[in-house]
Amino acid sequence: MSDLQRRDFLTRAAAFAAATAAVSGTGRVVAGDPSFMNNVPDPLLAGKELPTFKFALEKSEAKVMGQSWAREATVTQLPISKGIAGVSMQLAPGDMRELHWHATAAEWAFVDRGRVRTTVIDPQGNAETNDFEPGDVWFFPRGHGHMLECLGNEPCHFVLIFDSGYFSEFGTFSISDWMGHTPKALLAKNFGLPESAFHGFPKTEVYFASGAVPPEKPALPLQGQKLPPQTHKWRLMQQAPIIDSKGGKMYVVDSGNFAISKTVTGSILDLEPGALRELHWHPNADEWQYILDGKVSVTLFGSGGRYRTETLEKGDVGYIPQGYGHSIENIGNKSCRVLIGFNSGVYETIDLSQWIAGNPRDVLATNFGKPAALFDKFPNKDAGLLDKDGK
Ligand code: MN
Ligand code: MN
């Protein structure tokens, strides 16, 4: 066996062992391939009634430091959300979410207000610095070290999406926490510096670091410019929507247009009052929703006669398990904006109108016990997004 073949074999063997352990109930189910996760019975979703799929994120307790804060929605706050966690974060001018990495999740973000600068390192030693404005998106693969800082004199606000519901923003690996707990002698050897160089370094996790407002033009890294082959930045609201109709617009970014985003797809759904994102499901991903503006009614169908509706308002989070039927309707009197994240790098949806249109009238007649002629009145193509009159 070549090294490459051997590595491939070991990976497959480990995956098989994990699968066997999970199915036989002897192993702990861990986050991983969502298509596999779907085959593992989830006790929370096995009851007679569907659990709540709503969490009032912006009304929850925050981690606060001055004008900077963070709120999170993980399985702790919203038990149904096993596949995706989310964080709402504000950074004040001069504040930084310090250098850190996430051992168990990739990070995807949408900038809501203000300007943000990020740096990120990859395992090849490439580093990228990017500046973001409202409507922009970033993606950091699992485990890649990064920092976020507010740019300019206004606070910035962004929503982070992680491809594991067990992830916690407050359990990340921060550089100050690590170096603060490493003996100075070891640090001195590691960096080839005298121990005195580390006097006065923080002893515990800084999390939010405060300093000067960053220069408008980013300075070069210590190593000079060494850019990665793929960028971590995407301008979501600068691209064309995939749906643009009387009822609203839908923007989608996945690895098809934003190549590095291999485990997360993001979407912005704008609905006019009364408009509806029709009944549909996602074969390959869980869905995480954050209401940026407005008020929506979300329905969830969970098989076995189980059906649940929640009203979500600005700052609320919703969650749809992989493969579960759902719809989103604007029930407010102004347009609404919903940020949606999926834990797959490929966007897939099957809409109910499309499914029906994909069947002949005699099949539908038999299924519903109705005359075949009725189905000539049904849409003969995907509706996707409808206005208040169902057009
Ligand atoms: Mn992070
Ligand atoms: Mn959906």
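Looking at region 129-178, which of the residues that are in a helix (DSSP H, G or I) and under 16 Å from Ala209 (Cα atoms) is nearest to ligand 1 (Cβ to nearest atom)? Working first, answer last.
Going residue by residue through region 129-178, those that are in a helix (DSSP H, G or I) are 169-171, 175-178.
Imposing the further condition that a residue be under 16 Å from Ala209 (Cα atoms) reduces the set to 169-170, 175-178.
Values: Glu169: 7, Phe170: 11, Ile175: 12, Ser176: 14, Asp177: 14, Trp178: 15 Å.
Ranking the candidates gives Glu169 first.
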For region 153-175, what are the residues that are open to solvent by 10 Å² or more (accessible area, probe 1.4 Å), at pLDDT 95 or above and of a type in the set (S, T, N, Q)?
Asn153
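Here's the yes/no breakdown for (1) closer than 30 Å to Ala70 by Cα; (2) within 23 Å of the chain's Cα centre (by Cα); (3) among the small types (Gly, Ala, Ser):
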residue: His280; (1), (2), (3): no, yes, no
residue: Pro283; (1), (2), (3): no, yes, no
residue: Pro321; (1), (2), (3): yes, yes, no
residue: Tyr324; (1), (2), (3): yes, yes, no
residue: Ile331; (1), (2), (3): yes, no, no
residue: Lys334; (1), (2), (3): yes, no, no
residue: Gln354; (1), (2), (3): no, no, no
residue: Asp376; (1), (2), (3): no, no, no
residue: Asp389; (1), (2), (3): no, no, no
If we keep only residues of region 334-357 that are aromatic (Phe, Trp, Tyr) and not in a loop (DSSP other than H, G, I, E, B), then the residue nearest to ligand 1 (Cβ to nearest atom) is Phe342
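Quick check on Glu348: is it within 30 Å of Ala106 (Cα to Cα), among the acidic types (Asp, Glu) and within 14 Å of ligand 2 (Cβ to nearest atom)? Show your work before the answer.
Numbers: within 30 Å of Ala106 (Cα to Cα): yes; among the acidic types (Asp, Glu): yes; within 14 Å of ligand 2 (Cβ to nearest atom): yes.
Yes, satisfied.
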Please indicate, with yes or no, whether at least one residue in region 290-307 is in contact (Cβ under 8 Å) with a residue 24 or more places away in the chain, touching a Pro at 6+ places or on another chain (Cβ under 7 Å) and either within 30 Å of Thr104 (Cβ to Cβ) or open to solvent by less than 10 Å² (accessible area, probe 1.4 Å) (or both).
no
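Identify all residues within region 89-118 that are within 13 Å of ligand 1 (Cβ to nearest atom) and not aliphatic (A, V, I, L, M); write none if there are none.
Going through region 89-118, the residues within 13 Å of ligand 1 (Cβ to nearest atom) turn out to be 89, 91, 96-109, 116, 118.
Hits for region 89-118 are Arg97, Glu98, His100, Trp101, His102, Thr104, Glu107, Trp108, Thr118.
Collect the residues in region 63-113 that are assigned to a loop (DSSP other than H, G, I, E, B), touching a Pro at 6+ places or on another chain (Cβ under 7 Å) and open to solvent by 20 Å² or more (accessible area, probe 1.4 Å), keeping them in residue-number order.
Listed by number, the residues that qualify are Gln67, Pro79, Pro93.
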Output yes when any residue across region 179-202 is outside any loop (DSSP other than H, G, I, E, B), buried (at least 16 other Cβ atoms within 10 Å of the Cβ) and in contact (Cβ under 8 Å) with a residue 40 or more places away in the chain, and no when none is.
no
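Within region 308-326, which residues are in a strand (DSSP E or B), crowded, with 20+ Cβ neighbours inside 10 Å and of a type outside the set (A, V, I, L, M)?
From region 308-326, those in a strand (DSSP E or B) are 308-313, 317-320, 325-326; that's our starting set.
Now drop any that are not crowded, with 20+ Cβ neighbours inside 10 Å, which leaves 312, 317-320, 326.
Correct list: Gly318, Tyr319, His326.
In region 217-237, what count of residues is obtained for those that are of a type outside the set (Lys, Arg) and free of Cβ contacts under 8 Å to residues at least 24 places away in the same chain?
Start the filter on region 217-237 by keeping residues that are of a type outside the set (Lys, Arg), which leaves 218-225, 227-232, 234, 236-237.
Going one step further and asking which of them are free of Cβ contacts under 8 Å to residues at least 24 places away in the same chain, we end up with 219-220, 222, 224-225.
Count: 5.
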Could you list, ordered by first residue, the pairs with Cβ atoms under 8 Å in which the first is in region 346-369 and more than 28 Å from Lys262 (Cβ to Cβ) and among the charged types (D, E, K, R) and the second is part of a helix (DSSP H, G or I) and away from ligand 1 (no atom under 16 Å from the Cβ), at least 6 apart or interchain?
Arg361/Ala372; Arg361/Ala373; Arg361/Phe375; Arg361/Asp376; Asp362/Ala372
Test Glu278 against the criterion of being within 16 Å of ligand 2 (Cβ to nearest atom), of a type in the set (Asp, Glu) and at pLDDT 95 or above, and give yes or no.
yes
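The values are calculated or read from the model by the stated rules, or taken from the named source; none is laboratory data. Owing to the predicted nature of the structure, the values given are computational and were not obtained by experimental measurement. A quick note on method: Cβ atoms are made from the backbone with ideal geometry, for glycine too, and the neighbour counts reach across all protein chains shown. With ligands, DNA and RNA removed, areas are computed over all heavy atoms of the protein, side chains included. Shrake-Rupley method; radii C 1.70, N 1.55, O 1.52, S 1.80 Å.
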